[in-house]
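I have placed the structure first, in the form of structure tokens, so that the comments after it can refer back to it.
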Amino acid sequence: MSKRRKVSWPDRMRASIGYCLGHPLYRLFSLIPDWEFGLADHEVTRQAHRHGVLAGCRAVHITDLHIDRYSPRHDRIVQTVGELRPDWIFITGDLLNVPEGVPHVFRFLEQLRTIAPVYMTLGNHDHYSGVPVAQYAELADRHKITLLVNQSTIIETERGELAVVGVDDPSLHRADLRCVPTRANGRFTLLLAHAPNILDYVEAHHAIDLILCGHSHGGQWRVSGIPTFWLPPGCSGRVDGWHESGQHRLYVNRGLGWSFLPFRWNCRPEIAVIEWIGE
Ligand SMILES: [Fe+2]
């Protein structure tokens, strides 16, 4: 980040606990591969964003795939995304939990790639898995997917430019906002970040029109009358939906997958559609 931090010992400890838990849980749930609860039925949410440059454009935002094993529900997600006819697909990290998930994730991504260009960044579990960033980058290249890890790219549209910035995971303090391009007329800048605490780091000079993120899983288990209790570090209390700070707007998507237990309660997986409308 522009306020760049050294990785603290709690962050290092969290990363090693995440790494150590990943494989035993994968082996445990491999014994009952078809058992999942509350994950089969995704919800499509629609978000409108006013901006003249991209008016008439539509994107699909998905996050927190956690695909260790491809299943029929992933086919249904691809089908829904295809029916939404997006101009772009944005993914904000947590592709998998363990390295065994790599071929399954890219089987999913290459189908999305046939629908629209895919832009994505990485989350904490992608790092916990031990898969090197260079391997994600090489596979993304091979599948013609744009992986942005503290990088940005410019897309030319009929009415102006869309700058897509992808920062590495803010919850592990790996995001570096120096990759945000400077403000320009006729440009819309979208920031992809895994964790909602990115909103605590953006500053007034960062020319960012919209931030998309995930990480919270919407709480994963929601019990009415009880405050959300499953929220990983890096959410800063932001469970889902819209949040603002200064002139910056952030959308927290509940995501499609699970961590620790293949179980969601009162918290449907989400596919978010972002539709730009005129000012
Ligand atoms: Fe996640």
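The values are calculated or read from the model by the stated rules, or taken from the named source; none is laboratory data. In this text, all values refer to a predicted model and were calculated from it rather than measured experimentally. Cβ: placed from backbone, ideal geometry, glycine included. Neighbour counts: every protein chain shown.
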Self-check item: Matching residues, region 230-242, being more than 14 Å from the chain's Cα centre (by Cα), within 16 Å of the ligand (Cβ to nearest atom) and of a type outside the set (A, V, I, L, M)
Solution: Trp230, Pro232, Pro233, Ser236, Arg238
Exercise. Starting from region 63-74, keep only residues that are farther than 19 Å from Gly166 by Cα, then list their pairs with residues that are crowded, with 16+ Cβ neighbours inside 10 Å and polar (S, T, N, Q) whose Cβ atoms are within a distance under 7 Å, requiring at least 6 positions of separation or different chains.
Key: Asp68/Asn97
Quiz item: If we scan region 40-54, do we find a residue that is within 25 Å of Ile155 (Cα to Cα) and in contact with a His (Cβ under 9 Å, 6 or more places away or on another chain)?
Solution: yes
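If I go through region 31-68 residue by residue, how many of them are within 16 Å of the ligand (Cβ to nearest atom) and either surrounded by fewer than 17 Cβ atoms within 10 Å (Cβ to Cβ) or not aliphatic (A, V, I, L, M) (or both)?
Initial filter on region 31-68 (within 16 Å of the ligand (Cβ to nearest atom)): 36, 38-39, 42, 61-68.
Checking which are either surrounded by fewer than 17 Cβ atoms within 10 Å (Cβ to Cβ) or not aliphatic (A, V, I, L, M) (or both) leaves us with 36, 38, 42, 61, 63-64, 66, 68.
Total satisfying the criteria: 8.
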Quiz item: Hey, any hits in region 90-103 for a residue that's at pLDDT below 95, more than 18 Å from His217 (Cβ to Cβ) and touching a helix residue (DSSP H, G or I) at 6+ places or on another chain (Cβ under 8 Å)?
Solution: yes
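Would you point out the residue of region 168-190, among those that are among the hydroxyl-bearing types (Ser, Thr, Tyr) and away from the ligand (no atom under 16 Å from the Cβ), that is surrounded by the most Cβ atoms within 10 Å (Cβ to Cβ)? Walk me through how you get there before you give the answer.
Residues of region 168-190 among the hydroxyl-bearing types (Ser, Thr, Tyr): 171, 182, 189.
Those still in the list that are away from the ligand (no atom under 16 Å from the Cβ) too: 182, 189.
Values: Thr182: 10, Thr189: 22.
The selected residue is Thr189.
Taking the stated definitions as given, is Arg14 over 26 Å from Leu162 (Cβ atoms) and either within 16 Å of the ligand (Cβ to nearest atom) or buried (at least 18 other Cβ atoms within 10 Å of the Cβ) (or both)?
Numbers: over 26 Å from Leu162 (Cβ atoms): yes; either within 16 Å of the ligand (Cβ to nearest atom) or buried (at least 18 other Cβ atoms within 10 Å of the Cβ) (or both): yes.
Spelling it out, Arg14 is indeed over 26 Å from Leu162 (Cβ atoms) and either within 16 Å of the ligand (Cβ to nearest atom) or buried (at least 18 other Cβ atoms within 10 Å of the Cβ) (or both).
Do the conditions hold for Asp141, that is, is it of a type in the set (Asp, Glu), outside any loop (DSSP other than H, G, I, E, B), without any contact (Cβ under 8 Å) to a residue 60 or more places away in the chain and under 25 Å from Leu25 (Cα atoms)?
Working: of a type in the set (Asp, Glu): yes; outside any loop (DSSP other than H, G, I, E, B): yes; without any contact (Cβ under 8 Å) to a residue 60 or more places away in the chain: yes; under 25 Å from Leu25 (Cα atoms): no.
Spelling it out, it is not the case that Asp141 is of a type in the set (Asp, Glu), outside any loop (DSSP other than H, G, I, E, B), without any contact (Cβ under 8 Å) to a residue 60 or more places away in the chain and under 25 Å from Leu25 (Cα atoms).
Any chance region 197-209 includes a residue that's within 16 Å of the ligand (Cβ to nearest atom) and outside any loop (DSSP other than H, G, I, E, B)?
There is at least one residue in region 197-209 that is within 16 Å of the ligand (Cβ to nearest atom) and outside any loop (DSSP other than H, G, I, E, B).
Quick grid of which residues meet (1) modelled with pLDDT of 95 or more; (2) surrounded by fewer than 18 Cβ atoms within 10 Å (Cβ to Cβ):
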position: Leu192; (1), (2): yes, no
position: Ile198; (1), (2): yes, no
position: Val202; (1), (2): yes, no
position: Leu210; (1), (2): yes, no
position: Gly219; (1), (2): no, no
position: Gly225; (1), (2): no, yes
position: Trp242; (1), (2): yes, yes
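How many residues are hydroxyl-bearing (Ser, Thr, Tyr), over 13 Å from the mean Cα position of the chain (by Cα) and away from the ligand (no atom under 15 Å from the Cβ) if we restrict to region 243-279? Spell out the reasoning first.
Here is the first cut: in region 243-279, the ones hydroxyl-bearing (Ser, Thr, Tyr) are 245, 251, 259.
Subsequent filtering for residues that are over 13 Å from the mean Cα position of the chain (by Cα) retains 245, 259.
Narrowing the set further to residues that are away from the ligand (no atom under 15 Å from the Cβ) leaves 245.
Final tally of qualifying residues: 1.
In region 70-86, which residue that is in a loop (DSSP other than H, G, I, E, B) and either within 16 Å of the ligand (Cβ to nearest atom) or in contact with a Lys or Arg (Cβ under 6 Å, 6 or more places away or on another chain) (or both) is nearest to Ser152 (Cα to Cα)? So that I can check it myself, show each step before the final result.
In the first step, residues of region 70-86 are kept if they are in a loop (DSSP other than H, G, I, E, B); the result is 70-71, 85-86.
Those still in the list that are either within 16 Å of the ligand (Cβ to nearest atom) or in contact with a Lys or Arg (Cβ under 6 Å, 6 or more places away or on another chain) (or both) too: 70, 86.
Details: Tyr70: 29, Pro86: 20 Å.
Of everything passing the filter in region 70-86, Pro86 is nearest to Ser152 (Cα to Cα).
Which is among the aliphatic types (A, V, I, L, M) and under 23 Å from Leu95 (Cβ atoms), of Ala204, Ala175?
On the way: Ala204 fails: under 23 Å from Leu95 (Cβ atoms).
Exactly one of Ala204, Ala175 is among the aliphatic types (A, V, I, L, M) and under 23 Å from Leu95 (Cβ atoms), namely Ala175.
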Practice problem: Considering only residues that are assigned to a loop (DSSP other than H, G, I, E, B) and in contact with a Lys or Arg (Cβ under 9 Å, 6 or more places away or on another chain), look in region 109-127 and name the one that is farthest from Arg58 (Cα to Cα). | Solution: Leu122
